[in-house]
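A short worksheet on the structure shown next.
The numbers here are math on the coordinates, done by the rules we state, and not lab data. Everything numeric here is computed off the predicted structure, so don't read it as measured data. With ideal geometry, Cβ positions are generated from the backbone for all residues, glycine too; neighbour counts draw on all protein chains shown.
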């Protein structure tokens, strides 16, 4: 919570951090790509048919994001590297989230053109941003909260998360006073 010129401002710290992370990850995907780390123990997973299809279309995007995914046989895949800031236990959930989004893109006519690649990068950045964002119930220190708000203020879109949810809610001063029975309005 913070007080702004117009009233009490409530900040959803998870979606705020998600927005900050999304824009940073997206910018890096457009630049030199994300740093990759080899996994100590490669992770295997069985992909659904639509996930396997999405994997075949997303090789370049996954590689620029730091993933190294290989087919073992059929729909069984192994991940031997992942983005440096993606914890090992989140590798498969991030991939499944991404592959689900890519499957939806394919259903709406997405291919390998520049627009589709851009949508894939957006989907990947959103997946990584969400899975790596601070959680709702984590208590932030005043310094961490101030840093998050500063980082958010530099975002191109500081109002919504990559999924479209609002980051900030404002309760007008008059509304707060009214609810506390301090005004006649």
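Computed quantities for the displayed model
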item	result
Full-stretch length increase - residue 71, residue 180 - with 0.36 nm per residue and alpha-carbon distance subtracted	33.1 nm
Degrees separating the helix 91-107 axis from the principal Cα axis of the chain, which is the longest one	90
Pairwise label distance in nanometres, residue 24 with residue 172, each label 7 Å out on the Cα-Cβ vector	3.7
Potential lengthening between residue 8 and residue 80 on full extension [0.36 nm per residue; Cα-Cα distance subtracted]	21.2 nm
Binned Cα-Cα distances of region 1-88, short to long, each 5 Å bin given as a whole percent	3, 13, 16, 17, 15, 12, 7, 5, 5, 4, 2, 0
Relative contact order, percent, the chain [alpha-carbon distance under 8 Å, six or more residues apart]	37
Two-decimal ratio, the chain, of alpha-carbon radius of gyration to 2.2 N^0.38 Å	1.24
Degrees, to the nearest 10: 142-153 long Cα axis against longest axis of the chain	70
For the chain, calculated [θ]222 nm from helices alone, where every DSSP H run of n ≥ 4 adds -39500 (n - 2.57)	-15000 deg cm²/dmol
Label point distance in nm, residue 32-residue 118, each placed 7 Å from Cα along Cα→Cβ	2.5
Exposure proxy ranking, count of Cβ atoms within 10 Å, fewest first, for 57, 21, 28, 182	182, 28, 57, 21
Principal-axis tilt of helix 114-132 within the chain, Cα atoms, nearest 10 degrees	60
Spin-label pair residue 135/residue 39, simplified geometry with 7 Å Cα→Cβ offset, distance in nm	2.1
